[in-house]
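Notes to accompany the following structure.
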Amino acid sequence: MELSAMYQVSKSEKVLDAEKDLKKDLAELKSELEENEMVHGIPVKTISSVPLPRDVEYFQQERKQVINRIFQVSEAAPLKCQADIMKEELITCESTEYSIENLPLLLHQHFTDRLQQLVQCKHLHMLRWKRFCEHTSTIEALFPVYQQRLAYVFSCFQVL
C-alpha cells in the first residue's frame, strides 16, 4: 500500500479550520474589491507586483502535490555479487573466438566488408575514368587499361 493512499490532504482539524478561515477571508476580500469597484470606480485588476489571492482548492492541490512528491522515494540499486560478475568474465574469456557457431557470422562480416571495398573501388575508377576521358585521344589510349581494371573488379565480385 502506498503512503500517498494512506495520508489524505486537509483532513486534520487544524487544516480544516485554517481552510475555513482562508475561505472566509478570501470571500471578504473579493466582496471588498467588488465594493470598491462599484463605489469608487477603482478597477479590480490593479497594476501591482502582488497577485490576487487564489481559492482554497488551489492551495489544497498544491499541498497534495508537495506531499506526493515527498512520498516518492527511489529504490535502492540491486546488489551485484562479485562472484557472479567474475564467473561471467571467466566464461567470456574461456570461450574461443572462432567456433562452429560464430564462424559463418565472421565470414559474412568479412565478405560484406570486402564487397563494400570493391564497390568503392569501382566507383573511384568510374570517377577517374570520367575525369580522364575528356578527350577522344585520351579515351582511345586509356580504354584498354580501364577494361583491364574493370575486369579485375568484376573477377573479385564473381569470387564472392
Notebook entry, point to check: If only one of 119, 73 is free of Cβ contacts under 8 Å to residues at least 60 places away in the same chain, in a helix (DSSP H, G or I) and of a type in the set (Val, Ile, Thr), which one is it?
Noted result: 119
Next item on the list: Scan 65, 109 and give me the residue that is under 28 Å from residue 156 (Cα atoms) and in a helix (DSSP H, G or I).
Entry: 109
Note to self: Going residue by residue through the range 87-95, is there one that turns out to be farther than 30 Å from residue 22 by Cβ, free of Cβ contacts under 8 Å to residues at least 40 places away in the same chain, outside any helix (DSSP H, G or I) and not assigned by TED's automatic domain parsing to the domain that holds residue 151?
What the structure shows: yes
Margin query: For the range 79-102, check the following and say yes or no: at least one residue is surrounded by 11 or more Cβ atoms within 10 Å (Cβ to Cβ), among the basic types (Lys, Arg) and within 41 Å of the chain's Cα centre (by Cα).
Written below: yes
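The values are calculated or read from the model by the stated rules, or taken from the named source; none is laboratory data. Because the structure is predicted, anything quoted here is derived from the model rather than measured. Neighbour counts are summed over all protein chains in view; Cβ atoms, including those assigned to glycine, are modelled from backbone coordinates with ideal geometry.
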